[in-house]
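The values are calculated or read from the model by the stated rules, or taken from the named source; none is laboratory data. Please read these numbers as outputs of a predicted model, since none were measured by experiment. Heads up, the Cβs are rebuilt from the backbone with ideal geometry, glycines too, and the neighbour counts pull from every protein chain shown.
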Amino acid sequence: MKLVSSSMFRIFGLLVASCFLLASPGVSLAQDATPAGAEAPHPVHIHEGTCADLNPAPQFPLTDITAPTNLEGTDIANTGAPIAVETSTTTIDATLADIANGDHAINVHESVENIGNYIACGDIGGAILAGANGSEITVGIHELNGSGHAGIAILQETGEQLNVTIYLAQGLSGDATATPAADASHGDHGDMNMDVVGDVQVDITNFAYNPETITINAGQSITWTNQDEAMHTVTGKDRDFLQSGTLNQGDTFTQTFDEPGTYEYFCEFHPNMKGIIVVE
């Protein structure tokens, strides 16, 4: 149980640091049938490939993500609005060397009935840390297809096996039903979903800005359109200067640039995505 306890403290710290309000029961609790009013279990697998280019054949099936059941008598009265967290715990015959190689992802499906609808995905990679009983890695899982679901996964190595624990919730970044225009803050710089078309068009596709470098005259505007299923942002190194907020598939964001200069921007969900704006 030492390994599970260590993970719980780490996940708690990560979520609190991200301003997530969570109530997370112990991982080792047995999972009963779906409680009344809860979502159907979410099938989840580890696939070869990345979220942008996923091999549809699962390499490692994982335990369905479901709502955990409280220990008897431990229900906590809360007059606020705590976010429900669903979990999955699986042990697979693999090591971090097999999985954390930049070519694997965790993919979450809506339900058995709607298995073709992907609701969340996370590429497996990042810093490998020393855990209680071996190496481990923590992976972010981002929303797909406007589902509102996001979370994290912890992969812990124990000998030649991996313990994979997933935490998934809907609405971690606010009201899951809110539109990006309602929950993004743009100040006076930009507009999203306002049918505004800029002088220059940039497509966000295949996890890249196309074109990557844009040259415009002062006073002209740029419109970005997210063509990917994954969420993206258009975020300047100076966030006060350029910040689109979350762009789901089909969303657009337009901003006018009045000050000459060269400005770099990136995607907050995928920092390897970068672009340059040259205002003359």
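Key figures
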| read-out | value |
| --- | --- |
| Every residue from the stretch 115-149 that is under 12 Å from the mean Cα position of the chain (by Cα) and either more than 17 Å from Leu62 (Cα to Cα) or not assigned by TED's automatic domain parsing to the domain that holds Pro43 (or both) | His142, Glu143, Leu144, Asn145, Gly146, Ser147, Gly148, His149 |
| Tally of residues being without any contact (Cβ under 8 Å) to a residue 24 or more places away in the chain and among the small types (Gly, Ala, Ser) across the stretch 248-280 | 1 |
| Unmet criterion (only one of (1) loosely packed, with under 15 Cβ neighbours inside 10 Å; (2) at pLDDT below 90; (3) outside the structural domain of Gly275 (by TED's automatic domain parsing); (4) more than 18 Å from Thr66 (Cα to Cα)) for Val112 | (4) |
| Hits in the stretch 229-270 - residues which are among the charged types (D, E, K, R) and out of contact with any Leu (no Cβ under 9 Å at 6 or more places or on another chain) | Lys237, Asp238, Arg239, Asp240, Asp251, Asp258, Glu259, Glu264, Glu268 |
| One residue from Gly245, Gly236, Gly219 being at positive phi, assigned by TED's automatic domain parsing to the domain that holds Gly275 and free of Cβ contacts under 8 Å to residues at least 60 places away in the same chain | Gly219 |
| Some residue of the stretch 126-134 being touching a residue at least 60 places away in the same chain (Cβ under 8 Å), under 17 Å from Ala52 (Cα atoms) and of a type in the set (A, V, I, L, M, F, W, C) | no |
| Unmet criterion (only one of (1) surrounded by 15 or more Cβ atoms within 10 Å (Cβ to Cβ); (2) modelled with pLDDT of 90 or more) for Asp93 | (1) |
| Checklist (1) touching a strand residue (DSSP E or B) at 6+ places or on another chain (Cβ under 8 Å); (2) at pLDDT below 85; (3) among the hydrophobic types (A, V, I, L, M, F, W, C) applied to Ala33, failing item | (1) |
| Qualifying residues in the stretch 36-77 (those that are in a loop (DSSP other than H, G, I, E, B) and closer than 16 Å to Ile115 by Cβ) - the one modelled with the lowest pLDDT | Glu39 |
